[in-house]
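**Student:** This is the structure, below, for whatever I ask next.
What follows draws every value from the coordinates through simple rules; no lab data is involved. Just so it is clear, the model here is predicted, and its values are computed rather than measured. We place every Cβ from the backbone using ideal geometry, glycine too, and count neighbours over all the protein chains shown.
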Amino acid sequence: MRQSLRESLRIAIQEGRLTAGTVLPSSRRLAADLGVSRGVTTDAYEQLASEGYLDVTARAAPVVAAVLTAAPAAPDPHVPAWRFDLTAITPDVRLFPRREWTRAVGKALRNTPDAALDYGDHRGRIELRTALSSYLARVRGVRVDPRRIVVTQGFTQALDLMCRVLVARGARCVAVESPTHPALSAVIEQSGLTVVGCAVDSEGLRSDDLSPGRADAIMVAPAHQFPTGAVMSSRRRVALLGWAASHDSVILEDDYDAEFRYDRTPLGAVQGLDPGRVVHVGTASKTLAPGVRLGWMSLPAGLVDEVRIRKGLADSGSPTFDQIAFAEFLTSGDYDRHIARARQTYRRRRDRLVQALATALPELPIQGSAAGMHILLRLPDGTDDIAIAAAAAAVGIGVKALSPLQRAPSLERGLVLGYGRLPEAKIDEATGALASLLTKAGV
C-alpha cells in the first residue's frame, strides 16, 4: 500500500495533475479517507519530500513542490510496410539461424567463467578475437592476430571510433567513394571531419581523382562497392595502396558483404596486401542480422591502443555472452553453413530479378557484379530519380534513388534495388509494378 500510494502521488505531480502549491490532506486525514494506518501516509509523504516532490514543514499539511513537467515524446518514426521491399543492403532477417544461435548462446551461458562477466579487455573477448583472426585469414585473406582485433557493436561504431582516433591525431578530411551510402558520411562528419567524394567507375575507386594532400584517410568497399556494385580491379588496388603510402594516409576497408559472391570466389581483402596501413572492418549485420550488433576491426599495430581506449570510453566493452556465443558459432562451423545457405537464397533472388528486369525493362542497363544483396538499375542521365523513388513509395515499392548518394556533381541517375528482403515468389510481380511506374513516368 505504501508503494502504491507513493507512486500514485508521484505520477500525479509529474504529470501536472497535482500542480505546484497544491495543499495535500494531512497524513492523519488522508489515512482516514483511505482506510489505512497513519504510518502508511506518513511514510509516503516523507519519501516524496525526500525526493523533492513535496514541501513539508512541522505542524502543516504537505504542499506540492514546483516540479517541471516533461514535454510529450515525439511520435515514433514511421516504418513503412512495403508491398514490395526492395530496400538495398538489408538482409532477410527471416533467414537468421535461430536453432544454431540458441545452441551457441546456451553453450556460452553454461561454459563462460564468472571472471568473464567482470570488466575486461576493451578490445573484446579473447575467444572471439581468436576465432575471428582464424576466420578472416581463411575466408578474406586478412593478416591479423587476435591482439590487433577490436570487437565493436556493428560497423557504425567501428567507423565512429576510427574517426575519433583520426581527429585526435590531427586529421581533418576523409575521402569516400562517390556515390556512397549517406549514413557513412554522416558518421564521419559528426566527428568533426570533412568528407570529400572520390569518383568510382567499373573498376572501383579512382584514387587518381584525389588531389595531393586532400584527404588524411580514405574509406572504400573494394569487394563490392555500394551502390554501383563495382569490384575493385587489381591495378586499382595497387594504385590505392600507392596513394595511401605516398600521402601517409589510412585506408578504411568496408568489407560489409564480401561473403556473398555468386559467380566466383570473392577477392581477398585489400588489408592482406598492406596490414600496416589498412584498417579492415567487418560486421555480422549483413551475414546474420543487424540486430546482432557485432562488428570488428583488424588494425595496424600502431592504432590498437588508441582504438582500445576509445572503445572503453564509448561503452566499456561489448556484451560478453554475445561475443562468446559468436565465437562458438564461428568455430563450430555453423557460421559457414549459414552463409552457404543464405548465399544460395540470395543468388536465386538475384538471378530471377535480373531476368525479370531484362524482360520487363530491356532498354535499361543493370549494373553491378554478381554479389551482395542489391543491383543498380540505370536510368537515362538527368532523369528525376528522386521523384520516381517517391512515386514508387506512394504505391508501396521501396527503392532508393541514385542521385542523393553522389558526393560530387553527376548526371548519372538510377534506382538501387535490393533483393535481400524480397521473396523470390514476389519478384516478377514487383518488377512488373516497377516497370509500369517507370512507363507512366516516361522513362
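**Student:** Please list, in chain and number order, the residues 5+ apart from T90 or on another chain whose amide H is under 5 Å from its amide H, with Hs placed from the backbone.
**Tutor:** Placed amide hydrogens put G420 under 5 Å from T90.
**Student:** Under a Cβ-Cβ cut-off of 10 Å, what is the net charge of the residues other than D216 that fall near it, where Lys and Arg count +1 and Asp and Glu count -1?
**Tutor:** Taking every other residue near D216 into account, the sum is +2.
**Student:** If you average the alpha carbon positions of the stretch 356-393 and of the stretch 233-286, how far apart do those two centres end up, in angstrom?
**Tutor:** 27
**Student:** Output wanted: per-residue J couplings in Hz (rounded whole) for the stretch 211-220, from phi through Karplus 6.51 cos²θ - 1.76 cosθ + 1.60, θ = phi - 60°, x for Gly and Pro.
**Tutor:** 6, x, x, 7, 9, 8, 8, 9, 10, 9
**Student:** Continuing with the same structure: Order of R110, R310 from fewest to most other C-beta atoms within 10 Å?
**Tutor:** Taking fewest neighbouring Cβ atoms as first place, the list is R110, R310.
**Student:** Enter the Cα centre distance for the pair the stretch 70-102 and the stretch 1-63, rounded to the nearest angstrom.
**Tutor:** What the calculation gives is 44 Å, centre to centre.
**Student:** Next question. Given 10 °C and 1.306 mPa s, how large is the Stokes-Einstein diffusion coefficient of the stretch 2-64 in µm²/s, with Rh as the Kirkwood radius over Cα pairs?
**Tutor:** Estimated diffusion coefficient is 138 µm²/s.
**Student:** Can you give me the long-range amide H partners of T112? Hydrogens built in the peptide plane at 1.01 Å from N, cutoff under 5 Å, separation of 5 or more residues or another chain.
**Tutor:** Result for T112 returns nothing.
**Student:** Also, I was wondering about something else. Starting with the highest mean, order 239-246, 53-60, 409-416 by the number of other Cβ atoms within 10 Å, averaged over the residues of each peptide.
**Tutor:** Per-residue mean Cβ counts within 10 Å order the peptides as 409-416, 239-246, 53-60.
**Student:** Separate question: Between the stretch 124-143 and the stretch 146-200, what is the C-alpha centre distance in whole Å?
**Tutor:** So the separation of the two Cα centres works out to 22 Å.
**Student:** Got a sec to turn the phi values of the stretch 162-177 into Karplus ³J(HN,Hα) couplings, 6.51 cos²θ - 1.76 cosθ + 1.60 with θ = phi - 60°, whole Hz, x for Gly and Pro?
**Tutor:** Residue by residue, the stretch 162-177 yields 5, 5, 5, 5, 4, 4, 4, 8, x, 5, 10, 9, 10, 8, 10, 5 Hz.
**Student:** Output ³J(HN,Hα) for the stretch 418-427: one whole-Hz value per residue in order, computed from phi by the Karplus curve 6.51 cos²θ - 1.76 cosθ + 1.60 with θ = phi - 60°, and x for Gly and Pro.
**Tutor:** Those phi angles translate into x, 10, x, 10, 9, x, 4, 5, 9, 5 Hz.
**Student:** Report Rg(Cα)/(2.2 N^0.38 Å) for the stretch 113-332, keeping two decimals.
**Tutor:** 0.97
**Student:** Can you tell me the order of 318-325, 187-194 when each peptide is scored by its average per-residue count of other Cβ atoms within 10 angstrom, highest first?
**Tutor:** So the order, starting with the most tightly packed, is 318-325, 187-194.
**Student:** Find the relative contact order for the chain and round it to a whole percent, using C-alpha pairs within less than 8 Å whose residues are 6+ positions apart.
**Tutor:** 20
**Student:** Amide H neighbours of R261 under 5 Å, counting only residues 5+ apart in sequence or on other chains, H built in-plane at 1.01 Å?
**Tutor:** For R261, the qualifying residues are G372.
**Student:** Would you mind ranking I366, I11 so that the residue whose beta carbon has the fewest other beta carbons within 10 Å leads the list?
**Tutor:** So the residues, fewest neighbours to most, are I11, I366.
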